1. Those residues that are surrounded by 19 or more Cβ atoms within 10 Å (Cβ to Cβ) and farther than 13 Å from Thr344 by Cβ, I need them from segment 382-392; list them, please.
2. Only one of these is free of Cβ contacts under 8 Å to residues at least 40 places away in the same chain and within 26 Å of the chain's Cα centre (by Cα): Leu324, Leu352. Name it.
3. Enumerate the pairs (first residue in segment 64-84 and closer than 30 Å to Gly142 by Cβ and outside the structural domain of Arg243 (by TED's automatic domain parsing); second residue anywhere and charged (D, E, K, R) and outside any loop (DSSP other than H, G, I, E, B)) with beta-carbon separation below 8 Å, excluding pairs fewer than 6 apart on the same chain, so at least 6 apart or on different chains.
4. Please state which of the following conditions Leu446 fails to meet, knowing it meets all the rest: (1) in contact with a Ser or Thr (Cβ under 6 Å, 6 or more places away or on another chain); (2) over 15 Å from Leu329 (Cα atoms).
5. Just to be sure before I move on: is Gln200 out of contact with any Pro (no Cβ under 8 Å at 6 or more places or on another chain), surrounded by fewer than 21 Cβ atoms within 10 Å (Cβ to Cβ), outside any helix (DSSP H, G or I) and in contact (Cβ under 8 Å) with a residue 24 or more places away in the chain in the structure I sent?
6. With Gly459, Gly448, Gly493 as the choices, which residue is more than 15 Å from Leu324 (Cα to Cα), modelled with pLDDT of 90 or more and in the same structural domain as Cys327 (by TED's automatic domain parsing)?
7. Output the residues belonging to segment 156-192 that are assigned to a loop (DSSP other than H, G, I, E, B) and within 22 Å of Ala113 (Cα to Cα).
Amino acid sequence: MKAAKRRKPKALRTRAERNIAWIEQHCCIPEGRKIGKPFILPDYMRADFIAIYDNKRATTRRAIISRGRKNLKTSQSALIVLLHLCGPEARANSQLYSTALSRDQAAILFSIASKIVRLSPLLIEHVGIRESGKQLYCEGLGTVYRALSADAPTALGLSPALHIADELGQVRGARSELFEAMELATAMQDQPLTVIISTQAATDADLLSVLIDDAAAGNDPRTVLRLHTASSELDPFSVDAIRAANPAFDIFMNKKEVLAMAEDARRMPARQSEFENLVLNRRVEAASPFISRELWKSCSGPVMEFSKQIPVWGALDLSEVGDLTACVLIGKPNGDGVWHVKPTFWLPGDGLAERGRKDRVPYDLWHEQGFLLAAPGKSVDYEYVASWLRGEFDKYNIRTIAFDRWNMKHLKPWLLKAGFNEAFIAERFKEFGQGTQSMSPALRELEGDILNARIAHGGHPVLSMCAANCVVDGKDASNRKLSKNRSAGRIDGMVALTMARGAVPMDDAKPPPTYQILFV
């Protein structure tokens, strides 16, 4: 087989063309059948470099490259590192970093970059390698590259000119302390560049998804998005779907192996989610959620306000002292059979931002936007919830509030203090078991409503977070209940929505009895 020919130099007019020419002149393929051959960039990579370095709208501050696995994403990251370490993009004495969630992941990019250096007669003369510190350095320019992981002691004191965020899609939730620290650390640089190269995250609420959606909206001309994903309209097992997410499919991927993976996923549904996420680059949980992201989004129509004439049912998911408390009301204000969902969430006001970092979601932002109420102090006191409920009963025609009996004994004295009387509490507050006996029928009703677009939730972000975190436990359709798919995930809102839907048949839909004194 003849050796691949290097492309002849030509008059270079743009920054991207200069960078591409340098790579093809000095870098070799680090692994595989063509190891040591010139790294001639495939067209899709050339397009990436043109988008990043020849951005016609503004100087690129952040670039997001997302596609399926085995498309040489790590090799591409290594090439970008070398461009800024000792190539045309190098600036004297600059610091370059790559970050990953684990040490093993961080070491992969460093290893690939090191192999490229060792295979190049020119680069090995000018670039030093420190294996123990996962560092590359160019002594003549004073530039240093280092691979960091999330368990690194600190990112404080760094000043990166280049930051490669490797597989950021593995971050669960909307925040990453390491990523945020690296982004803040670029403040001292005139033209810093962050490059995110990753398959997609699992849910809309995860950090990479938030960044991709913002980039797709075109809010910042300094952000470049290069996204390859199989759309939901495509058959997930088709060659067209695989090609859409994998621009390297017809170039150097092992087609037989990829198609075999598709067939495995078709035969074994338990493997489909992983296949869709890693190969088709879709936002899919590895554990199948209770409701798919697409179905949930299809029910995100606007929520109408309830009038006093509209019957309303609800449920209260009472938290432990410092956890998320949820109340969900549902009604049909349009008379068209669609349940409009009005959720309310509380967390203690003290330590709200810290709790958000722990759960990896922006509780403080949702509070500012009005989607989350911050109860005064360090806990959501039952007195506070009871007073709020009194106001809701004043505003709406609430037929039933379902509740978990576990915490109700602590709430009832505060309901009485808030002005409810014993007869009214007995009539309108209904115990709802958290086991499969009560939950299975309610889940069946809720599933049917979502599948048939009989739910409108308005895209409420806290409720959507809860929906994304839900999986179903149970051996069959008649023995099911909601469970969390990760230890830090909150599902309280979906539990309350399920209970509210299950509360509807508990009430016979007749007008409730009229009390001469509903409140005292």
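The values are calculated or read from the model by the stated rules, or taken from the named source; none is laboratory data. Values in this document were obtained by computation on a predicted structure and should not be read as measured data. Cβ atoms come from the backbone with ideal geometry, glycine included; neighbour counts cover every protein chain shown.
1. The answer is Tyr382, Ala386.
2. Going through Leu324, Leu352 in turn, just one is free of Cβ contacts under 8 Å to residues at least 40 places away in the same chain and within 26 Å of the chain's Cα centre (by Cα): Leu352.
3. Ile64/Arg226; Ile65/Asp48; Ile65/Lys73; Ile65/Arg226; Thr74/Asp166; Gln76/Asp48; Ser77/Asp166
4. (2)
5. Judged against the criteria, Gln200 is not a match.
6. Gly459 is the lone residue from the list that is more than 15 Å from Leu324 (Cα to Cα), modelled with pLDDT of 90 or more and in the same structural domain as Cys327 (by TED's automatic domain parsing).
7. Within segment 156-192, Leu158, Ser159, Glu167, Pro192 qualify.
Residues checked against (1) farther than 14 Å from Leu278 by Cα; (2) more than 18 Å from the chain's Cα centre (by Cα):
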{"residue": "Ala215", "(1), (2)": "yes, no"}
{"residue": "Asn219", "(1), (2)": "yes, yes"}
{"residue": "Arg222", "(1), (2)": "yes, yes"}
{"residue": "Leu225", "(1), (2)": "yes, no"}
{"residue": "Thr229", "(1), (2)": "no, no"}
{"residue": "Pro236", "(1), (2)": "no, yes"}
{"residue": "Ala241", "(1), (2)": "no, yes"}
{"residue": "Asn246", "(1), (2)": "no, yes"}
